[in-house]
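Working notes, beginning with the structure itself.
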Amino acid sequence: MRKLSILFTLGLFLLGFTGLQAAEVNVTFQVDMNVQMLKGNFDPGTQVVRLAGSMQDWSPSLAPDMEDPDGDGIFEVTYTMSSGDHQYKYVIGTDWGNNEGDPNRSITIGDKDTTIAPVFYNDEAALTFPASSDSTVILHLAVNMTRQIQIANFDPETDVVRAAGSFQDWSPANAPDMSDPDGNATYVVTYEVKPNQTYAYKFVIGTDWGNNESDPNREFTVGANDTAAAPVYFDDDPYVEPVAGDSIMVTLQVDMSVKILEGFFDPSSDVVRAAGSYQGWSPSAAPNMEDGDGDSVYVGTYKMPANSRQEYKFIIGTDWGNNEDNNRAIELGANDTTIAPVFYNDDDVVTDIKDGSINFNVRMDVMAEVLIFDPAKDSLQVRGGFNGWGDSDPTRSKMSSKTTDPLEWFLNVPFVQQGVGDNQSYKYYVVKADESTTWVDGWERPASQGGGNRDVEFAGVENQDASEETTYYDDVHPDWVIESGKDVSVVFSVDMAPAMDGDLQAVPFDPATDTLYWIGEMPSFVNTQGWEDVDEMRVLKLTDDDGDNIFSATLSLVTPTFNTFEYRYAWRSQDGSWTFEPAGFGDFAYRIRYIGQDGARSFPTLPWDMPTDTWTNQEDKSDQQEFDPFKSLTSIGHTPDVPTVYQLDQNYPNPFNPSTTIRFTVPVAGKVTLTVYNVAGQKIATLINGNVTAGSHTRVWNGKDNAGNQVASGVYFYKLTAEKFSATEKMILMK
C-alpha cells in the first residue's frame, strides 16, 4: 500500500506543476490610424502597420501586417501569447524607424482570450493644427503622389506639388510647396482660410498651370473650426501594384527629316516631344527631345513601369494640336530598352505642298428627333488639328445650318501650304444654348471610329468633301431611332475571368467585394437617358448569379433614343476606388454594339442579348465591335440559319484607310485563326486565334501589326484557317 501511495502523491505533484505553467491565450490588438492618414503619415494603399514586442522578440520584419477589414481606419492583429507582462510598440513599415515613440506600451495578459480596446497610433487622438488669426481657421490638405511617381509624371527629387484654389486666388506661382516629411509620397500643406465657406481647388505639379489635375475642381467646405480634408490621390489616380519588376529606362527616337524638308518642323525654333500613358499624356510636362549629332533623329529617354504596355505619341510643340494621328504602343519587359527610330507620323515620303479647302458637312436629324438638340438655339462646330481642336478662330470652327434644311450643318475650311495626302483628324462638337443641360460634353464619339477621331486626307484641291457619304452626328442613322413609347430592353454580359487573373490584372477583380458597372461613353446617348455623364457612372450594375464569371444586367431604355451603344466596363472597390478598362485616345477605345434590326426602326427580337464581351486591358477594342444593326441581327447568337460551308469574304472597304472589316463564315464551332501577312509572306498581325461559334463573324483590322505599330501602305493578305479549310484574300492599305 505504501508504494501505491507514493505513486499517487507523485502524480498529484506533477499535475500541480503542469497547472503552474503559463497559459497560451489569443489577444487581439487594435490601433486607430485615422489621424496618421489625415496627417499624411500613413497610406494604407502602399504602407503597412505592424505590432512588435516582447511576445515575438521585438522583430517588425517578422510581424504580420495588421488588417482593416471594414475600412474604418482601425487596424487589428491577433497574437497567441503567454500570460504575464508584455511590452510592445506599433510600427509603420516592416522595420524600426517609423515607429511610436517612447515609452513602450505595456499589458498584463491573464488566462482568457481578450480583445484590447483601440488606441491611437502614438496616442495622437486628433490632428494638431498651427496657430491662426482670430478671423481665420486652418485648412489642412494632403495629396498622395505614388501613382504619379510610378508613371514618371512626378520626381520627388526635382519636382514640387502645390495646391492652388479660391482660398489663394488660383495662383500656383504663389502657393507654397507641399511637404512630405516622412517620405511616403503623401504631401501636405496648410492654409489660413475664412470659416464657414466652400473652397474650390486643384493640385498642381510645378509652379504654374499645365501639369495639373483635370476637371472638375475639388471642393471642400470649411466649418467654424480648423479642419483637414482626407488625403486624395493626384487626379484621383491610385497606385497600381506592378505585375512584376519596378521601372526601366526606355529610349524613344523619331526621325524628323521628312517634316524638316516639308517645312513643318524648323530645328532652329521648333521642339518635338513624346507624351504617353507613362507620364499622364501631358506634352507640357514632357522634356524636349534632342538631336545631339544633327542627323534629324531626335532622342529622349523616359522612366516607365517595367513589364507593362505603354502608348504614346510624338508632338511638335509643347501642347496637343500638332501631334501624330495615331497612338504608338510598346510592350516592355524588365530591362532598359531602346526603340528603333520611326518617322514622325510614319511619313517617310516628302509630300507635295498645296493650298486647298475641305467641306465639312454633318446632319443632326437624330439628335433633334430625340429632343437633345434644337437647331434654332443650339449650334455646331468642327474641331481638329487644323484649328487647334478649339474654337479660338470661328472662321475655321463655327458651322452654319442651311436655310432650307436647318438640320444640315456645314463649313468650308481653307488650308494653306498643306501636304497633299496628309491626314486631317477632326470631330464635330455641339454647343448647347442652355448650359444647365445634362449634355455637358459636346464632343461626338463617332461609332465608325469606336469613339475615335474622324479622318480625311487633304487632296490639295478646292471644295474637297470630308466624306463621300452623308455624315450623321456620332454616325447614328435616322433608321436607328427608337421612337417614344417603345418598350426596349438590352442585356449586356461580360466575361470577367481575365480581370480575376493576377498575371493579367495588377489589382484583380474580387466578385465578393467589388461591384461591376456598365459605363456609357457616348455623351449624346447618355443625355437621352437623363444620366449624369461621369466616368464613375453607376446606372447599370452587373451581377453573376450562377458563379460562372459571366456578369450580366438588363438595361431598359428611356425613349426616344437611338440604337447605338458605346461603352466599357469598370468596377468600384470597397474603399471607393475605381478600376476601368483603359480607353486612350485612339480609334476603337470603346465597344460599339447594336440591337438587331430587320428594317428601319424595327426591332424584331426583344429583349436583345448583346454578344458576351470580355474584360480587356487593351485600349484598342476593335476585336469587340459591331458595324450596323442589320448585320447585328445575323451575328453570333442571333443566326437564323446555320451555314453549311466555310467562307472567307472580301474585306470591306477595299482599298481602305485606316481600317477594314473582314467577314467569314464557319458551319461548325471550333478553333479558327485569322492572320494578316505582308507581300514577303511575313505574319504581321493575328486577328483571331481561338474558338468561335458556328455562323458568320467579323473582325476589324486597324492597319497595325501585333506590336501596335501602324504598317505602311501596300498590298496585304489575310488568311483564314479552320479545321481542314484554308483560304486567302488580298487587300490594299492606301494612305
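Structure above, values below:
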| quantity | calculated |
| --- | --- |
| Restricting the range 332-437 to trypsin sites (Lys or Arg not before Pro) in coil, as DSSP defines it, with at most 10 other Cβ within 10 Å | LYS377 |
| SER59 long-range amide H proximity, modeled H, under 5 Å | GLY53 |
| Under Karplus coefficients 6.51, -1.76 and 1.60, residue-wise ³J(HN,Hα) of the range 65-78 in Hz, glycine/proline x | 5, 6, 10, 10, x, 9, x, 8, x, 9, 9, 9, 8, 10 |
| Positive-end extreme of charge dipole, the range 641-735 - chosen from THR728, ALA669, GLY703 (charges on Cβ) | GLY703 |
| Value of Rg/Rh across the range 641-735 [Cα atoms, Kirkwood radius] | 0.97 |
| Three-way shape call for the range 247-346 based on the alpha-carbon gyration tensor, with the a/c threshold at 1.5 | prolate |
| Whole-Hz couplings from phi, Karplus 6.51/-1.76/1.60, listed for the range 615-630; x for Gly and Pro | 3, 9, 9, 8, 6, 8, 10, 5, 7, 10, 10, 10, 10, 5, x, 6 |
| Table column - 3J(HN,Hα) (Hz), the range 160-168, Karplus curve with 6.51, -1.76, 1.60, x for Gly and Pro | 10, 10, 9, 10, 10, x, 5, 6, 8 |
| Along the chain, longest interval not containing exposed GluC sites (Glu not before Pro), exposed being DSSP loop plus at most 10 other Cβ atoms within 10 Å | 158-434 |
| Relative contact order (%) - criterion: Cα under 8 Å, at least six apart; region: the range 24-123 | 41 |
| Relative contact order for the range 477-638, counting Cα pairs under 8 Å that sit 6 or more residues apart, in percent | 30 |
| The chain: relative contact order as a whole-number percent, Cα under 8 Å and 6+ apart | 7 |
| Anisotropy class of the range 559-687 from Cα gyration tensor, a/c 1.5 cut | oblate |
| Nonlocal amide H pairs with LEU687, under 5 Å, H built at 1.01 Å | LEU674, THR675, VAL676 |
| DSSP-assigned coil residues among trypsin sites (Lys or Arg not before Pro) in the range 39-140, each with at most 14 further Cβ atoms within 10 Å | LYS112 |
| Built amide H within the under 5 Å cut-off of TYR239, gap 5+ | ARG147 |
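The numbers here are math on the coordinates, done by the rules we state, and not lab data. Keep in mind that this is a model prediction, so the values were computed, not measured. All Cβ positions, glycine included, derive from the backbone under ideal geometry; neighbour counts span all protein chains shown.
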